[in-house]
1. Is there a residue being closer than 27 Å to residue 212 by Cβ, touching a residue at least 12 places away in the same chain (Cβ under 8 Å) and surrounded by 13 or more Cβ atoms within 10 Å (Cβ to Cβ) anywhere in the range 140-160?
2. So how many residues does the range 204-214 have that are without any contact (Cβ under 8 Å) to a residue 60 or more places away in the chain and either acidic (Asp, Glu) or exposed (fewer than 14 other Cβ atoms within 10 Å of the Cβ) (or both)?
3. Among the residues of the range 167-188, are any farther than 29 Å from residue 15 by Cβ and either acidic (Asp, Glu) or part of a helix (DSSP H, G or I) (or both)?
4. In a helix (DSSP H, G or I), surrounded by fewer than 17 Cβ atoms within 10 Å (Cβ to Cβ) and at pLDDT below 80: which single residue out of 328, 319 fits that description?
5. Can you name the residue in the range 358-381 that is open to solvent by 40 Å² or more (accessible area, probe 1.4 Å), under 33 Å from the mean Cα position of the chain (by Cα) and touching a residue at least 12 places away in the same chain (Cβ under 8 Å) and is also farthest from residue 299 (Cα to Cα) among such residues?
6. Counting only residues that are modelled with pLDDT of 95 or more and surrounded by 17 or more Cβ atoms within 10 Å (Cβ to Cβ), how many does the range 1-18 have?
7. Please go through the range 39-52 and pick out each residue that is open to solvent by less than 60 Å² (accessible area, probe 1.4 Å) and either closer than 14 Å to residue 65 by Cα or assigned to a loop (DSSP other than H, G, I, E, B) (or both).
8. Residues that are closer than 30 Å to residue 231 by Cβ and among the aliphatic types (A, V, I, L, M): does the range 92-113 have at least one?
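The values are calculated or read from the model by the stated rules, or taken from the named source; none is laboratory data. On a predicted model such as this, the values are computed, not experimentally measured, just so you know. Using ideal geometry, Cβ is built from the backbone for each residue, glycine included, and neighbour counts are taken over all protein chains shown. Side chains are part of the model used for accessible areas, which takes the heavy atoms of the whole protein and leaves out ligands, DNA and RNA. Shrake-Rupley method; radii C 1.70, N 1.55, O 1.52, S 1.80 Å.
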Amino acid sequence: MSERTYPRFSRAQRIEHLILLTSFTILGLTGLPQKFSGEGWAQALIGIMGGIETTRVIHRVAAIVLMLESVYHIVSVGYRVFVRRVRPTMIPTVGDVGEAIGALLYNLGLKKEKPQGGRYTFGEKLEYWAVVWGTGIMVLTGFMLWNPIATTNLLPGEVVPAAKTAHGGEALLAVLAIVIWHMYHVHARHFNKSMFTGRLTEHEMLEEHPRELADIKAGLAHRPLDPAQLQKRRQRYYPVAGVLAVVLLFGLSQFVTFEKTAIDTVPTREQVAAFLPLTPTPLPTPRPSATPAALSPVWDGNLAVVLQERCGDCHGGTAGLDFSTYQAALQGGNNGPVIVSGDPDNSPIVLKIAAGRHPGKLSDAELNALKQWIEAGAPEE
């Protein structure tokens, strides 16, 4: 005879969890390699995913899915609480503090019985609100990184690197929390299948949620619904939920389309006729170039001269990235190395110059020589 089971999660909740699981996993797999891009394992993952640009596209698509799921979650929670009058059992209470202390004493062997859990234990509430908090932080900092020009129109420029640090730190914390805390308590210590089957056995209920089991058997777990009152509450909630969903979706659309390029965000200036002097202004005498006539993919006497001439005005040894010496060029700047030996396709210096938006520009021949030099291991001689 099979053991009796009790409903735990609805099909809609299980689908929500699957979407959250999928988007979170993709965000972790595409985000952490960007945070640790200088490491070999990160470069390998980026290469498997098709390069840095493809990795960023996948990361952003997963972020959009996570935000869409968050919008749905807000509306669905509102429906359960305000229409179906489901008790908000995920809200932390004073009793959760006592339950946490009791669990600590039980794990230390100072208490014989572990705390009696209700619908959700203090640990499950911690995980839920950690997801809520983390998602909020990631959305806020993600907007700043996605729309840096719009951000710096309102806030100091320092907030963008600060947002990058917070975004990466929160991502690392979230991944570690899932791997260490969630995987142990839900899968390793005891494999809880309720998020996949939607149900728990009576033994599992006695172990994890004895107070909820008692309420179910006493008929107190579910409040009876009056069909007439339910219909009235639906009629009131649906317009509010519709407006809320439209506002949130509009905010999401602005999130992903607010800023395209720096040129698109520059205010349009009034067009005026250009002043043309009667006598043409003489052109300035071009600065003599020290670039060697026979360009080769080597550092001494070739790329050293090219990078110093093209980039030396901004990266000449005062601070940050420095191309004045071989050792300084390989060391990189404040954000790490710009030359990845043996891998020109993932070297930041090549990516920035090839994009065509960096002030320092190289000719096609010079860029090809730079790539060949990096491909050869970036030797000094």
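1. no
2. 3
3. yes
4. Answer to the selection: 328.
5. 359
6. 1
7. Within the range 39-52, 49, 50, 51 meet the criteria.
8. Among the residues of the range 92-113, not one is closer than 30 Å to residue 231 by Cβ and among the aliphatic types (A, V, I, L, M), which makes the answer no.
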